[in-house]
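Student: Got a structure here, written out as structure tokens. Questions coming.
Taken together, the values in this text are just the output of simple stated rules run on the coordinates, not laboratory data. The structure presented is a predicted model; accordingly, all values stated were derived computationally and were not measured. Cβ coordinates were reconstructed from backbone atoms using ideal geometry, including for glycine residues, and neighbour counts include every protein chain displayed.
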DNA sequence: CTACCTGGTCACCGAAGGGAACTTCAACGA
DNA sequence: TCGTTGAAGTTCCCTTCGGTGACCAGGTAG
């Protein structure tokens, strides 16, 4: 009732490239709130777990753990056990994760550049609509 | 690869630019799962509400409405009432939203390019760890 | 010993998000 | 005329997600 089974017009929006749902999922996993923070922080230099917590005070341990696991699973960061005796781990960005750095910088640059316009739009929307 | 270690300042690390929490919030509002879909779709051409639903079948009305409101509030899309008698609205991307298009394309391009590597990493993580 | 650090896990809980029905108004059809 | 369809949502319900704080195991500093 909702879907229209017309395979003829199914490929009506073939813009430039084929974008698979899988690509979207990947972006979902990698571009979320904390991932951006973590990747951005780790791009500077490797960090210990609690070092990351201090660098990003607003994240909780649980969310940080989850984010690091997710990024590790996707090959963006690497979990390195530095010391056994006093257990110490270090997280560092991988070569694959590094390919994201330019994009993250671009995103942060964009948000900084257009923030005034966005705040203006928000004020208009909130106040006069 | 990493900037020269800075033992003197144990302060926050100001890499190149100051990134405010506000910028992160903006990216959170604009880069979420459905926003990427919607912006990408609207970049092609303006669409009606149900046209968007058909273009992005996996989104629910509720989420689509919420996404469009959020994007509208942030000045990314514009809600245009075309016809009053049979109520008809059209959503179109704004000039501000258009500044995101390059970034979105870059993100989709990145995900397409590195998807194999990511899937490889996932297989390694899931299977042998 | 106690206190505190590291690197987590666990149980609870409120908010966010999805599914599906319902709404309103207008048009179409027999 | 009544029923159905379509547009553009809204409302309710329920599940899931993410945050909070507690807790744990092992080391180590006082």
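Student: Residue A:61 label points, 7 Å along Cα→Cβ, one per copy: pairwise distances from this copy to the rest in nm, shortest first?
Tutor: Shortest to longest, the spacings are 4.5 nm.
Student: Compute the long axis of helix B:101-127 from its Cα atoms, compare it with the longest principal axis of the Cα atoms of chain B, and write down the angle in degrees, 0 to 90, nearest 10.
Tutor: Computed tilt is about 60 degrees.
Student: Would you mind getting me the FRET efficiency between residue B:123 and residue B:43? Use the beta-carbon distance for r and R0 = 30 Å, nearest 0.05.
Tutor: Working: r = 33 Å, r/R0 = 1.11.
With a Förster radius of 30 Å, E is 0.35.
Student: Before anything else, pin down the relative contact order of chain B: Cα pairs under 8 Å, at least 6 apart, normalised by residue count, whole percent.
Tutor: Numbers: 88 pairs, mean separation 26.9, N = 129.
21 percent.
Student: Right, here's the next one. May I ask you to derive the FRET efficiency for residue B:61 and residue A:62 from their Cβ-Cβ distance with R0 = 30 Å, giving the value to the nearest 0.05?
Tutor: Numbers: r = 32 Å, r/R0 = 1.08.
About 0.40, to the nearest 0.05.
Student: How far is it, in nm, from the label point at residue A:99 to the one at residue A:84 when both lie 7 Å from their Cα along the line to the Cβ?
Tutor: With each label point 7 Å from Cα toward Cβ, the separation is 3.5 nm.
Student: Count, for each residue of B:109-120, the Cβ atoms from other chains sitting within 10 Å of its Cβ, then give me the mean as a whole number.
Tutor: Numbers: counts 5, 8, 14, 7, 2, 10, 5, 0, 6, 11, 4, 2.
Per residue, the average neighbour count from other chains is 6.
Student: Relative to the other copies, what are the label-point distances for residue A:49, with labels 7 Å from Cα along the C-beta vector, expressed in nm at one decimal and sorted shortest first?
Tutor: Going from nearest to farthest copy, the values are 4.8 nm.
Student: Okay, moving on. Over the stretch B:12-81, how many percent of alpha carbon pairs lie in each 10 Å bin up to the one with the longest distance?
Tutor: 18, 48, 19, 11, 4
Student: Per 10 Å bin from zero, what fraction in whole % of the C-alpha pairs of the stretch B:61-129 is there, up to the bin with the longest pair?
Tutor: Calculated over all Cα pairs of the stretch B:61-129, the distribution is 17, 28, 24, 19, 9, 3, 0 percent.
Student: What percent of all Cα-Cα pairs in chain A falls into each 10 Å bin, going from 0 up to the bin containing the maximum distance?
Tutor: For chain A, the binned pair fractions read 10, 30, 25, 20, 11, 3, 0 percent.
Student: Can you tell me the alpha carbon radius of gyration of the protein assembly as shown divided by the globular rule-of-thumb value 2.2 N^0.38 Å?
Tutor: Working: Rg = 20.6 Å, N = 258, 2.2 N^0.38 = 18.1 Å.
Normalised by 2.2 N^0.38 Å, the Cα Rg of the protein assembly as shown equals 1.14.
Student: While we're looking at this one, here's another question. Shortest first and in nm to one decimal, what separations exist between residue B:86 and its copies in the other chains, measuring from label points 7 Å along the Cα-to-beta-carbon line?
Tutor: 7.3
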